[in-house]
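This report refers to the structure that appears directly beneath it.
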Amino acid sequence: MNEILVTGATGTLGRPLVQLLAGHGAGVRVLSRRPRPTPAPPHQWCTGDLRSGQGIEAAAAGTGTIIHCATGRGDVAAARVLLAAAQRAGRPHLVYISIVGIDQIPVGSYRSKLETERLIADSGLPWTILRATQFHQLLARGCAALARLPVLPVPAATSFQPIDAGEVAARLAELATGAPAGRVPDLAGPQVRTAADLARSYLQAAGRHRRVQPVWLPGRVAAALRQGALLAPGHAGGRVTFEEFLASRPGARTAAAAGPHLDGETRPGAGGAAVTRPGRAWLRAALVLLAVIQAVTGAWQYFAPRSFFNFPTVAAGAPFNEHLMTDVGGLGMALAVVLGAAALRMERGLVQAALAGYLVYSVSHLAFHASHLMGLPAPGAALLLTGLVLLPAFALALLLVAARVTAPDGRRGEVKPARLEPRSPGRG
Ligand SMILES: NC(=O)c1ccc[n+]([C@@H]2O[C@H](COP(=O)([O-])OP(=O)(O)OC[C@H]3O[C@@H](n4cnc5c(N)ncnc54)[C@H](OP(=O)(O)O)[C@@H]3O)[C@@H](O)[C@H]2O)c1
């Protein structure tokens, strides 16, 4: 059998797909931007980037089929690169996974998918395109992210028909090993469910308590969603329900209860470890504390600059300047926003940036006071300096903790796999 190249092989869909193809006895090539992991995976690993084109020609050379699942910024340009490589590689069968309703929903990413479909259909290559509805994994990720809020907002009067990525992978594997078929019938999940209903199921499976609040969203996109643009009730080929998917994930309840990163993407040794680390809760609490302190002092400086200026140790012999005082207040509140966002999302890059910002602020604050101690009695000066030294020391300690207990940034803030770890179909 000819070799099959899978782009996006490390993604939600690609992982079960690669496993299925290998199970069918196909020679599988995996395309990823990352270098080949060690220990080496059982499939041929091709490092390449569809944006720059680097490595794509070599990856496509000699393949009989290319299944294009990669997605990211610049999908249309990426498709052009892939198609050009495919033309030179002996015109393999190109199988593309697309999304139900992309022609009805006016958002940029869907326009790109539509354009990619057109490019493939006009490429002169033998082709097959399958449109599927949203993956359970995607909705679970969305619910996990929104469940960080005190109330879980969902689009009002909007339904989804989610499907398990493993089932889509199975259909793609079937299509890839068959003859080119053009645009084939859509593939949708077994149930049409309102967003509110799905969110409640997620909360129940995760053992979390939140009020689910439908929100009426304005605009053409929201209207199209309400009209069911994402649904394909006549093509409900999937069998795995959202609840079955949620229940099938090992440790789903524990991970979800811990908050972020319940997205179906946590993996042993990577995200799985990160969500359960107890240091995360402390780090988040510390970030909230810093954010509150910054918000309160910033608001005080902004809204009552004279009162703040009169606080002992603030004036340090300088004249009152309302402009500077309110600007400092505004910046303090801005830092509070960043610290608050870091506490909410708990992504390593964001947490580190927020703490680094706080460190810069607290060190310069300390430096100023250390050189303006005149007039303060010795015990007061010692007390002030001790307090001001503790703040950057605290931020520094938190930065070290953050490196250990937060997840590396990746797409949608989830943990990126260190290596290809295909999962069995029907699992998140
Ligand atoms: N998610 C859904 O609900 C849904 C529903 C219907 C259809 N689809 C479609 O199914 C496909 C797969 O979706 P998914 O959710 O599995 O995606 P995903 O988990 O976000 O994975 C994206 C994949 O694209 C690869 N990639 C991104 N940029 C790349 C580049 N410049 N060069 C090479 N590879 C690149 C990544 O590989 P590396 O990071 O290893 O390089 C990764 O494997 C997409 O076309 C999507 O539109 C998704």
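Just checking, does the range 162-171 include any residue being touching a residue at least 24 places away in the same chain (Cβ under 8 Å) and more than 13 Å from the ligand (Cβ to nearest atom)? Within the range 162-171 (the criterion being touching a residue at least 24 places away in the same chain (Cβ under 8 Å) and more than 13 Å from the ligand (Cβ to nearest atom)), the answer is yes, since at least one residue qualifies.
Residue check: A70 meets all listed conditions (1) closer than 23 Å to S109 by Cβ; (2) more than 25 Å from the chain's Cα centre (by Cα) but one, namely (2). Please verify whether Q191 is touching a residue at least 24 places away in the same chain (Cβ under 8 Å), part of a strand (DSSP E or B) and polar (S, T, N, Q), treating the condition exactly as stated. When the stated conditions are applied, Q191 does not pass them. In this structure, T133 does not qualify as buried (at least 22 other Cβ atoms within 10 Å of the Cβ), away from the ligand (no atom under 13 Å from the Cβ) and under 20 Å from A165 (Cα atoms). Only one of the numbered conditions (1) part of a helix (DSSP H, G or I); (2) farther than 23 Å from R404 by Cα; (3) not acidic (D, E) is not met by A356, and that is (2). Screening the range 3-117 for strands (runs of 3 or more DSSP E) wholly inside it with 3 or more residues that are away from the ligand (no atom under 14 Å from the Cβ) and modelled with pLDDT of 95 or more returns the ranges 63-68. Criterion applied to A86, A60 was being crowded, with 21+ Cβ neighbours inside 10 Å and under 21 Å from R131 (Cβ atoms), and the one residue passing it is A86. Residues in the range 209-235 that are in contact with a strand residue (DSSP E or B) (Cβ under 9 Å, 6 or more places away or on another chain) and part of a loop (DSSP other than H, G, I, E, B): R210, W216, L217, G228, L230, L231, A232. Please state which of the following conditions R91 fails to meet, knowing it meets all the rest: (1) loosely packed, with under 15 Cβ neighbours inside 10 Å; (2) farther than 19 Å from R183 by Cα; (3) not β-branched (V, I, T). Just one mismatch for R91, condition (2).
Yes/no matrix, rows are residues, columns are (1) surrounded by fewer than 20 Cβ atoms within 10 Å (Cβ to Cβ); (2) touching a residue at least 12 places away in the same chain (Cβ under 8 Å); (3) more than 25 Å from E115 (Cβ to Cβ):
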position: R141; (1), (2), (3): no, yes, yes
position: A181; (1), (2), (3): yes, yes, no
position: L198; (1), (2), (3): no, yes, yes
position: L203; (1), (2), (3): yes, yes, yes
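Only one of V212, V192, V184, V168 is under 24 Å from the mean Cα position of the chain (by Cα), assigned by TED's automatic domain parsing to the domain that holds T65 and under 22 Å from S98 (Cα atoms); which? None of the other options fit; the residue is V168.
Taken as a whole, the structure places A79 among residues that are out of contact with any Pro (no Cβ under 8 Å at 6 or more places or on another chain), closer than 20 Å to D122 by Cβ and of a type in the set (A, V, I, L, M). Evaluated against (1) under 17 Å from V168 (Cα atoms); (2) more than 12 Å from the ligand (Cβ to nearest atom); (3) surrounded by fewer than 21 Cβ atoms within 10 Å (Cβ to Cβ); (4) of a type outside the set (A, V, I, L, M), T128 falls short on exactly one condition, (3). Between A196, A169, the distinction of being out of contact with any helix residue (DSSP H, G or I) (no Cβ under 8 Å at 6 or more places or on another chain), small (G, A, S) and assigned to a helix (DSSP H, G or I) belongs to A196 only.
The values are calculated or read from the model by the stated rules, or taken from the named source; none is laboratory data. Note that the structure is a prediction, hence the values are computed from the model and not measured. Cβ sites come from the backbone with ideal geometry, for glycine too, and all protein chains shown count toward neighbours.
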